[in-house]
Amino acid sequence: MTPRYHRHDEPLTSEDLAKCQAVLRDFCTANSVLLPSNDADRIAAIIIELYQQGVHEANQLRSLVDAARGILDPTVPGLTKEPEHNPH
């Protein structure tokens, strides 16, 4: 049986990395995240993962990183709100 090929397995080109780097820089500047830092490394990993999954638009990447960061970091305000309880 031959292994399945996934876009995720394909290496990023220098152009791909430049796009990811630009999103990382913009995100870190907008959110006061120091470069380099452990937080920036985690954000970079999220950006690359999303990019490899096919998200190539900068605005989409930023939005998804915001959402992922809120899930992973409970100190991000407004993104970790407990869901409202609906008794029905």
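The values are calculated or read from the model by the stated rules, or taken from the named source; none is laboratory data. What you see is a predicted model; the values in this text were computed from it and never measured. With ideal geometry, Cβ positions are generated from the backbone for all residues, glycine too; neighbour counts draw on all protein chains shown.
The figures follow:
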quantity: Residues that are surrounded by 13 or more Cβ atoms within 10 Å (Cβ to Cβ) and at pLDDT 95 or above, drawn from region 1-20; calculated: ASP16, LEU17, LYS19, CYS20
quantity: Region 28-76, subset among the small types (Gly, Ala, Ser) and touching a Cys at 6+ places or on another chain (Cβ under 8 Å), residue surrounded by the fewest Cβ atoms within 10 Å (Cβ to Cβ); calculated: ALA40
quantity: Pair list, Cβ < 6 Å and 6+ apart or interchain, from region 1-16 residues that are within 23 Å of ILE47 (Cβ to Cβ) to residues that are at pLDDT 60 or above; calculated: HIS8/GLN52
quantity: Test for GLY78: is it at pLDDT below 75, assigned to a helix (DSSP H, G or I) and either touching a Gly at 6+ places or on another chain (Cβ under 8 Å) or not acidic (Asp, Glu) (or both); calculated: no
quantity: Criterion violated by ARG25 - all others in (1) more than 20 Å from THR13 (Cα to Cα); (2) surrounded by 12 or more Cβ atoms within 10 Å (Cβ to Cβ) satisfied; calculated: (1)
quantity: Candidate set: region 42-72, residues that are part of a helix (DSSP H, G or I), of a type in the set (A, V, I, L, M) and without any contact (Cβ under 8 Å) to a residue 12 or more places away in the chain; chosen: the one nearest to SER14 (Cα to Cα); calculated: ALA45
